[in-house]
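The structure appears right after this line, and notes come after that.
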């Protein structure tokens, strides 16, 4: 914990990075942790070892996105089971059902709050991107 000029204690901001998820492809962090909260960047379906988009339909892309998201969360001391809120970005709302089926498998009976938004395009031709806010261990 750090203190501001008035001597009030506040959580430290810590950048999270892991090689188990794709490296940031721009001026952003994979995630930032403050206290017991972690805020992830949006994950797209990149293979962490090659940095290239995976082949496949939106279900396959969603699996890779959630694998990448899980790796970032784990590096921050969290996990998919600690996610409070996600935002899902889809380039085609016709893909909602396929994305939702994979999402439901991974988040189970107590899923986080979620928003799903249609967008015109995503980086590197991705069809799905997911970002999250989660709780972390002490």
Subject >> Choice from 51, 26, 77 with maximal GNM fluctuation in the chain (Cα, 10 Å cutoff) >> reply: 26
Original post:
Against the longest alpha carbon principal axis of the chain, how many degrees, from 0 to 90 and to the nearest 10, is the axis of helix 58-75 turned?
Top reply: 20 degrees
**OP:** Determine the gain in length on full extension of the stretch residue 116-residue 49; use 0.36 nm per residue of separation and subtract their C-alpha separation, reporting nm with one decimal.
**Re:** 21.3 nm
Original post:
Given labels modelled 7 Å from the Cα in the Cβ direction, how far is it in nm from residue 137 to residue 25?
Top reply: 3.2 nm
Original post:
Which value, to two decimals, describes the C-alpha radius of gyration of the range 64-138 once divided by 2.2 N^0.38 Å?
Top reply: 1.09
Subject >> Paramagnetic reach from residue 94 in the range 51-66 [backbone N under 15 Å; point 7 Å along Cα→Cβ] >> reply: 57-59
**OP:** Would you look at the GNM of the chain, springs on alpha carbons closer than 10 Å, and say which of 112, 11, 22 moves the most?
**Re:** 11
**OP:** Estimate the FRET efficiency between residue 74 and residue 15 by the formula 1/(1 + (r/R0)^6), using the beta-carbon distance for r and 22 Å for R0, to the nearest 0.05.
**Re:** 0.90
**OP:** Tell me what the chain gives for mean residue ellipticity at 222 nm when only DSSP H runs of n ≥ 4 count, each as -39,500 (n - 2.57), the sum divided by the residue total, rounded to 500 deg cm²/dmol.
**Re:** -7000 deg cm²/dmol
Subject >> Label-point separation, residue 36 to residue 101 (7 Å along Cα→Cβ), nm >> reply: 3.8 nm
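How much length, in nm to one decimal, is gained on full extension between residue 124 and residue 85, taken as 0.36 nm per residue of separation minus their Cα-Cα distance?
11.6 nm
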Subject >> Kirkwood Rh (inverse of mean 1/r, distinct Cα pairs), the range 1-86, angstrom >> reply: 14.0 Å
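Laboratory data are not the source of any read-out in this text; all were calculated from the coordinates shown. Given the structure is predicted, the values throughout are model-derived calculations rather than measurements. Virtual Cβ from ideal backbone geometry, glycine too; neighbours counted across all protein chains shown.
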